[in-house]
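Contents: one structure, followed by commentary.
The values are calculated or read from the model by the stated rules, or taken from the named source; none is laboratory data. All values derive from a computational prediction rather than experimental measurement. Cβ placement follows ideal geometry from the backbone for every residue including glycine, while neighbour counts extend to all protein chains displayed.
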Amino acid sequence: MVIGQHYSAPDGAEAVCTVPGELAGLRLDQALVRMFPEHSRSRLQAWLRDGYIRVDSVAARPKQRIRGGEEVTLVRQPGPAELAHRAESIELPVLYEDDSVIVVDKPAGLVVHPGSGNLNGTMLNALLHHAPELAGIPRAGIVHRLDKQTSGLLVVARSLEAQTDLVRQLQARSVKRDYLALVFGAFRGLRAGTIEEPIGRDARTRTRMAVSGRGKSAITHYRVRRQFDQVTLLECSLATGRTHQIRVHMQSIGHPLIGDPVYRSPRKPLGNPLVDSFARQALHAWRLGFVHPTSRKSMQFESPVPADMQELLSALR
């Protein structure tokens, strides 16, 4: 591998490299891969396309030929992963915080952790702005998640020790996580139950989860809180924490969540405009309990039913 003499640059700074004679005759895009091996081919091509690379102070062209001896200037730009873990001033409803933990009441629509299609604007970005020291903790202290359109309570660790302790509590299934869910259908004569079905990736649609014999153990306890005509308000408690667990389990017993665009089977409209057009899965993490990782005191928090679900409940009454 042949590289020229250059220095590493932080975001937005210029890195300058003199093209070695050994690369004469190559196209610029080919030469750049060898001159700047710390960057991927795709990233270099994107910087070329967007005008962040110059040759002898002139905007570079990807297919131009190199003679050797030219001065290449590269203005390093942050990659998606770097952008994903930057602090952003986003409103973050904090219910409680101390030196060890932060309890957040997440609104529906807020993504918890950056991922494909959501590289910024997430709860992680908001946490880094609210508590900059979280930059030194994996996943900014996040130990469990909620789906984008699920509202409610999450606990975040503010130190490595607290994070380790909370993860162990989750693994031991001692963290209390209770949800309110509005589902289609009536539970006539049945006031409570447990769904114990393994959950894994849907074999046909990889963005979905499904009850699968090849999946991981998943246990959801539920209790009827209020029975309406064709809709039921349930309390659901998680003994495990699989992706989309409540949504998948409720669909598996024929009671999909109202407003769930992924796991709701085609159904006839109920004739209630709010129910038929509800814009998200009607799921709210309303109660959270854990042992404080430092004081060892039992802590429990509750979040009121959000306005959109409260409006839905009022319409059902």
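Would a scan of the stretch 122-137 turn up a residue that is touching a Leu at 6+ places or on another chain (Cβ under 8 Å), charged (D, E, K, R) and assigned by TED's automatic domain parsing to the domain that holds Arg168?
Checked the stretch 122-137: no residue is touching a Leu at 6+ places or on another chain (Cβ under 8 Å), charged (D, E, K, R) and assigned by TED's automatic domain parsing to the domain that holds Arg168.
Which of the numbered conditions does Ile102 fail, given that it passes all the others? Conditions: (1) at pLDDT 90 or above; (2) surrounded by fewer than 19 Cβ atoms within 10 Å (Cβ to Cβ); (3) within 30 Å of Arg145 (Cα to Cα).
Result: Ile102 fails condition (2) only.
On the given criteria, is Asp99 among the charged types (D, E, K, R), assigned to a loop (DSSP other than H, G, I, E, B) and touching a Lys or Arg at 6+ places or on another chain (Cβ under 8 Å)?
Working: among the charged types (D, E, K, R): yes; assigned to a loop (DSSP other than H, G, I, E, B): yes; touching a Lys or Arg at 6+ places or on another chain (Cβ under 8 Å): yes.
Spelling it out, Asp99 is indeed among the charged types (D, E, K, R), assigned to a loop (DSSP other than H, G, I, E, B) and touching a Lys or Arg at 6+ places or on another chain (Cβ under 8 Å).
State the number of residues belonging to the stretch 150-176 that are assigned to a strand (DSSP E or B) and either surrounded by fewer than 18 Cβ atoms within 10 Å (Cβ to Cβ) or in the same structural domain as Gln230 (by TED's automatic domain parsing) (or both). Spell out how you get there, then give the answer.
Residues of the stretch 150-176 assigned to a strand (DSSP E or B): 151-157, 176.
Checking the rest, the ones that are also either surrounded by fewer than 18 Cβ atoms within 10 Å (Cβ to Cβ) or in the same structural domain as Gln230 (by TED's automatic domain parsing) (or both) come to 176.
Result for the stretch 150-176: 1.
State yes or no: is Ser212 without any contact (Cβ under 8 Å) to a residue 60 or more places away in the chain and surrounded by fewer than 13 Cβ atoms within 10 Å (Cβ to Cβ)?
Details: without any contact (Cβ under 8 Å) to a residue 60 or more places away in the chain: yes; surrounded by fewer than 13 Cβ atoms within 10 Å (Cβ to Cβ): no.
It is false that Ser212 is without any contact (Cβ under 8 Å) to a residue 60 or more places away in the chain and surrounded by fewer than 13 Cβ atoms within 10 Å (Cβ to Cβ).
With the checklist (1) hydrophobic (A, V, I, L, M, F, W, C); (2) under 29 Å from His255 (Cα atoms); (3) not in a helix (DSSP H, G or I) in hand, flag the one item Phe290 doesn't pass.
Status for Phe290: all satisfied but (2).
His255 passes all but one of (1) surrounded by 15 or more Cβ atoms within 10 Å (Cβ to Cβ); (2) within 20 Å of the chain's Cα centre (by Cα); which number fails?
Going through the list (1) surrounded by 15 or more Cβ atoms within 10 Å (Cβ to Cβ); (2) within 20 Å of the chain's Cα centre (by Cα), His255 breaks only (2).
Kindly establish whether Asp147 is of a type in the set (Asp, Glu), touching a strand residue (DSSP E or B) at 6+ places or on another chain (Cβ under 8 Å) and assigned to a loop (DSSP other than H, G, I, E, B).
Spelling it out, Asp147 is indeed of a type in the set (Asp, Glu), touching a strand residue (DSSP E or B) at 6+ places or on another chain (Cβ under 8 Å) and assigned to a loop (DSSP other than H, G, I, E, B).
In the stretch 105-132, what count of residues is obtained for those that are touching a helix residue (DSSP H, G or I) at 6+ places or on another chain (Cβ under 9 Å) and either surrounded by 20 or more Cβ atoms within 10 Å (Cβ to Cβ) or not in a loop (DSSP other than H, G, I, E, B) (or both)?
Number of matching residues: 14.
Against the condition under 19 Å from Ala285 (Cα atoms), aliphatic (A, V, I, L, M) and in a strand (DSSP E or B), how does Leu180 come out, does it pass? Before the answer, list the steps.
Working: under 19 Å from Ala285 (Cα atoms): yes; aliphatic (A, V, I, L, M): yes; in a strand (DSSP E or B): yes.
In short, yes.
Out of Thr194, Thr207, Thr240, which single residue is assigned to a strand (DSSP E or B) and hydroxyl-bearing (Ser, Thr, Tyr)? Spell out how you get there, then give the answer.
Working: Thr207 fails: assigned to a strand (DSSP E or B); Thr240 fails: assigned to a strand (DSSP E or B).
Result: Thr194 is the single residue among Thr194, Thr207, Thr240 that is assigned to a strand (DSSP E or B) and hydroxyl-bearing (Ser, Thr, Tyr).
Just name the residue that is surrounded by the most Cβ atoms within 10 Å (Cβ to Cβ) out of those in the stretch 21-59 that are among the aliphatic types (A, V, I, L, M) and assigned to a strand (DSSP E or B).
Here is the first cut: in the stretch 21-59, the residues among the aliphatic types (A, V, I, L, M) are 23-24, 26, 28, 31-33, 35, 44, 46, 48, 53, 55, 58-59.
Retained after the next criterion (residues that are assigned to a strand (DSSP E or B)): 53, 55, 58-59.
Working: Ile53: 23, Val55: 17, Val58: 10, Ala59: 10.
Looking at the filtered set, the residue picked out is Ile53.
Within the stretch 265-278, is there a residue that is within 22 Å of Asp105 (Cβ to Cβ) and either outside the structural domain of Val104 (by TED's automatic domain parsing) or buried (at least 20 other Cβ atoms within 10 Å of the Cβ) (or both)?
Step one: list which residues in the stretch 265-278 are within 22 Å of Asp105 (Cβ to Cβ), which gives 278.
Add one more test, that the residue is either outside the structural domain of Val104 (by TED's automatic domain parsing) or buried (at least 20 other Cβ atoms within 10 Å of the Cβ) (or both), and what stays is 278.
Scanning the stretch 265-278, I find at least one residue that is within 22 Å of Asp105 (Cβ to Cβ) and either outside the structural domain of Val104 (by TED's automatic domain parsing) or buried (at least 20 other Cβ atoms within 10 Å of the Cβ) (or both), so the answer is yes.
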